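The values are calculated or read from the model by the stated rules, or taken from the named source; none is laboratory data. This is a predicted model, so every value here is computed, not measured. Every residue, glycine as well, gets a Cβ built from its backbone with ideal geometry; the counts of neighbours run over all protein chains shown.
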Amino acid sequence: MTDQAPAIELKGISKAFGPVQANKDISIRVMPGTIHGIIGENGAGKSTLMSILYGFYKADKGEIFISGRKTEIPDSQAAINAGIGMVFQHFKLVENFTVVENVILGAEDGAMLRPSIAKARKSLKSLAEEYELNVDPDALIEHLSVGHQQRVEILKALYRQADILILDEPTGVLTPAEADHLFRILDNLRNEGKTIILITHKLREIMEITDTVSVMRRGEMTATVKTAETSPEQLAELMVGRKVLLRVDKKPATPGDVVLSVENLKVTDDKGVDRLRGVSFDIRKGEILGIAGVAGNGQSELMEVLGGIAHGTGTITMNGRPVALSGRDSDGQARRRAGIAHVPEDRQREGLIMEYAAWENVVFGYHLDPKWQSGPLMKNAAIVDEAQGKMERFDVRPPNPKLSARNFSGGNQQKIVLAREIEQNPDLLLVGQPTRGVDIGAIEFIHQEIIRLRDQGAAVLLVSVELDEIMALSDRIAVMFDGKIMGVRDPAQTNERELGLLMAGIEGDPGDEAWKAVDRKLERKEAHEAREAGDA
Amino acid sequence: MQRMPAWADVVLIPLISLLLAAILSAIVILAIGESPVEAFALMVEGALMRSAGWGYTLYYATNFIFTGLAVAVAFHARMFNIGGEGQAMLGGLGVALVCLYIPWPHWSLALLGSSVGAALFGAAWAFIPAYLQAKRGSHIVITTIMFNFIAAALLNYVLVSLLKPVGAMDPASANFPPATHLPTFQDMFATAENPLFRGAPANVTFFIALAACLFVWLLIWRTRLGYEIRAQGFSESAARYAGISPARIIIISMLISGALAGMMGVNTAQGEAERLVLNSTEGAGFIGIAVALMGRNHPLGVLLAAILFGFLYQGGAELALWTNIPRELIVVIQALVILFTGALDNMVRMPLERMFMALNRKGA
């Protein structure tokens, strides 16, 4: 067993894109029948490395060995032939095809479809039995839940005889229960001798499911360790290069008067689908209300209506005054006048104009403010100064207001948006996915700034798909599912298990299948933590 | 990180594109048996070497500046206004009505009045397509080009049935009263000893065009409206987030665009012909598109590109006069210029980028 060749070995892989060295001299060995995690900040080079493995890019230098044999991977077909299968973060599925049709797409056996489909059906059945990858072969992709769609992606890889599975950020779109099921599947695959590489930024997942983990930073592999011998703190430090505070330091909240009151808010999209089906809640001064839920359950529509981007019906009052939900005064400018600031979920599509310089973005949404005008012209020089100040206060790197927004990393872009919205001293801050695609160092900073705003007396509505973030920051948590609020909880008196069930639309009670599944996961986690505590 | 220095992006690429267009044109000229060097020399001599030549070059350039600015302004809102031709025609009508039916005491007042008339009529012609795009999503490209045809028909009707003096033969309006005569460059700069700009149509409107360049620059890059126009052009979703109304921006930018195109009418109707004739625009509306593309939608670029096209027009006229090279070839040369500087930009840009990056790496 000790002299087995690694399933995958990379030696000295380097890849540059123009002046950017995306991968520098990367060497990894992954043994067969193990789950290997690759963790790193955005821009660390993980995606580039996997793209090289899957044939999308060709490395400038270095070699790839599959099961001990040197292998060239000039395109994805070569990768598939080498037994590598990749499950992408953004699924590559044809929505109006069935599961079987998607599985055979590109791997058909000859010109006629019927024999291919028959063969695929048989294969799917045996794969389902072997690995618990249950999916209805004749279901249309667009009718499947995200968790089931992901199973189809895994089946595609297995159908093509993959021995090595690479999964890129697989749990971003799953509820905790679905993520648990995925890990059971990965467990089964590992036990059957498959090799799995898991790319993720979630430290908890690395600790839970992987056997070994590599940390990437700025294009280099900074460490490869056995998961059992490390800790989230150590991994975070390896990722960033300094000690990182993983807990949020937070004083208890002292909520004051009600700032925002929402009653029976309903939103129907332009296809006639009800996105918000009667949502009601209050937020008080000095309080953070966190909205938890898997993406697509109405949270985005909630933010859009409150931000003045979408129309809806119902009653909204801000500081006692009614807020128009349609017609003239229902746009983003009216909301800003009412004291609402908005950090949108999609900073590149909404929060920033990517082609504008940082200084132009610093007044985006507030460009009509008289303090930036001098007669018919805008006071560009004064705005540049303001931008310089904001960028320094929020540690935006590089602190150059004349650079266009496109040239900043995701975390720094987010900091520009936050600086702009927070320094408006709003009565209510709407903030959606504040740390999506943001490096772990900036995450710390952003969380601190949100808490600081709350301590200064603002009300904050926080929407995030990261349950950890919701639990760390919120003073109260409302869980949304299918356009409604399933329940409101105090973070100190709830846990991931309960929230996970609410997120899945289940107001469960002990004894449910769902409860059992989550229990099993918690048992594993508790056993693992006990082991750690024993070692410490 | 910058892929290549700014000067290369703004100056080197258009220059190389022009060079490529010139080389291809030379090949075409050779192919019909003429000498490209002689042809080029003739163009330069006829357009740039005599003051009268400049007089024609700058006259054409004035037209192209207005139509080029019109397209550029609309482009900043991500709208492809190809209705400059029709908007310019309507502008000319506005000029004619103002000059013929208001008794102006002095040309400067007449100029003020006709500018307002031209801008209003041009803007009005752009309003319906703008409204349809803003409120109904009707594509501006289709509506504006259709409105070009409608404008031509409308002008035809107006000139033949309404404005043509009784007893006249050509479909044109009456001559404008002499008080509305705009000083030409000859009027302004020629002296007894130095008879400059003899007979050339360049007139005081050229300076209005320069002022229009300054106005557009201030508008787009220094005002709130310009900020909102550019924002909407770059990202409508972000503009909506910021409370910028897409409909309002579409309509306002098209009105400004139509007004600029309409201003061309002052140059042609009042500055040169001193009456309104059929087809006074002669395709300048479409050249405006090329000028805006080549000038990268920036007023300075538009100015330079407009002068270049003025040179091509006047030089082309000289070629047609003095050689066997047909007028159509000038159109081919203009097309090559547009092709290389507008559409084939990347063909020059990518190798240049690679060259600069290689130089960077060697130096670093």
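Within segment A:86-112, residues that are in contact (Cβ under 8 Å) with a residue 24 or more places away in the chain have Cβ atoms under 6 Å from residues that are of a type in the set (A, V, I, L, M, F, W, C) and surrounded by fewer than 17 Cβ atoms within 10 Å (Cβ to Cβ) in these pairs: A:Thr98/A:Leu140; A:Val99/A:Ala139; A:Asn102/A:Val94, counting only partners at least 6 apart in sequence or on another chain.
Yes or no: segment A:315-322 includes at least one residue that is at negative phi, within 14 Å of chain B (Cβ to nearest Cβ) and modelled with pLDDT under 95. No: zero hits.
When we screen A:Ala295, A:Ala358 for residues that are surrounded by 24 or more Cβ atoms within 10 Å (Cβ to Cβ) and more than 14 Å from every other protein chain (Cβ to nearest Cβ), the only hit is A:Ala358.
Is at least one residue of segment B:275-297 more than 30 Å from B:Ile32 (Cβ to Cβ), within 14 Å of chain A (Cβ to nearest Cβ) and surrounded by fewer than 24 Cβ atoms within 10 Å (Cβ to Cβ)? Scanning segment B:275-297, I find at least one residue that is more than 30 Å from B:Ile32 (Cβ to Cβ), within 14 Å of chain A (Cβ to nearest Cβ) and surrounded by fewer than 24 Cβ atoms within 10 Å (Cβ to Cβ), so the answer is yes.
Close contacts from segment A:328-348, counting a first residue that is more than 7 Å from chain B (Cβ to nearest Cβ) and a second that is among the basic types (Lys, Arg) and part of a strand (DSSP E or B), with Cβ to Cβ under 8 Å and a gap of 6+ residues or different chains, come to A:Ala338/A:Arg321. Within segment A:46-63, residues that are more than 16 Å from A:Glu9 (Cα to Cα) sit with their Cβ atoms under 6 Å from residues that are part of a helix (DSSP H, G or I) and among the hydroxyl-bearing types (Ser, Thr, Tyr), at 6+ positions apart or across chains, in these pairs: A:Tyr57/A:Ser51.
Considering B:Leu196, B:Leu182, the condition of being part of a loop (DSSP other than H, G, I, E, B), touching a residue at least 60 places away in the same chain (Cβ under 8 Å) and either within 11 Å of chain A (Cβ to nearest Cβ) or in contact with a strand residue (DSSP E or B) (Cβ under 7 Å, 6 or more places away or on another chain) (or both) is satisfied by B:Leu182 alone.
Return the residues of segment A:405-429 that are in contact with a Pro (Cβ under 8 Å, 6 or more places away or on another chain) and of a type in the set (A, V, I, L, M); say none if nothing qualifies. Listed by number, the residues that qualify are A:Val417, A:Leu418.
Residues in segment B:236-252 that are within 7 Å of chain A (Cβ to nearest Cβ) and in contact with a Pro (Cβ under 7 Å, 6 or more places away or on another chain): B:Arg240, B:Tyr241. Have a look at A:Ala139, A:Ala120, A:Ala228, A:Ala157 and point out the one that is buried (at least 21 other Cβ atoms within 10 Å of the Cβ) and in contact (Cβ under 8 Å) with a residue 40 or more places away in the chain. Just one listed residue meets the conditions, A:Ala157. Taking the conditions (1) at positive phi; (2) surrounded by fewer than 21 Cβ atoms within 10 Å (Cβ to Cβ) in turn, A:Gln433 satisfies each one other than (2). Selection over segment A:301-331 of residues that are in a helix (DSSP H, G or I) and surrounded by fewer than 22 Cβ atoms within 10 Å (Cβ to Cβ) gives a count of 3. Taken over segment B:8-38, the criterion of being among the hydroxyl-bearing types (Ser, Thr, Tyr) and within 22 Å of the chain's Cα centre (by Cα) is satisfied by B:Ser17 alone. Only one entry in A:Val215, A:Val262 is assigned to a strand (DSSP E or B), on the phi < 0 side of the Ramachandran plot and not assigned by TED's automatic domain parsing to the domain that holds A:His36, namely A:Val262. Among the residues of segment B:200-235, those that are free of Cβ contacts under 8 Å to residues at least 40 places away in the same chain, in a helix (DSSP H, G or I) and facing chain A (nearest Cβ under 10 Å) comprise B:Leu218, B:Trp221, B:Arg222, B:Arg224, B:Leu225, B:Tyr227, B:Glu228, B:Ala231. Within segment B:191-210, does at least one residue satisfy the condition of being under 16 Å from B:Ile256 (Cα atoms), surrounded by fewer than 21 Cβ atoms within 10 Å (Cβ to Cβ) and among the small types (Gly, Ala, Ser)? No: zero hits. Candidates in segment A:367-392 are the residues that are surrounded by fewer than 18 Cβ atoms within 10 Å (Cβ to Cβ) and assigned to a loop (DSSP other than H, G, I, E, B); of these, the one that is nearest to the other protein chains (Cβ to nearest Cβ) is A:Pro376. The residue that is farthest from A:Leu167 (Cα to Cα), counting only those in segment A:64-74 that are surrounded by fewer than 16 Cβ atoms within 10 Å (Cβ to Cβ) and in contact (Cβ under 8 Å) with a residue 12 or more places away in the chain, is A:Gly68.
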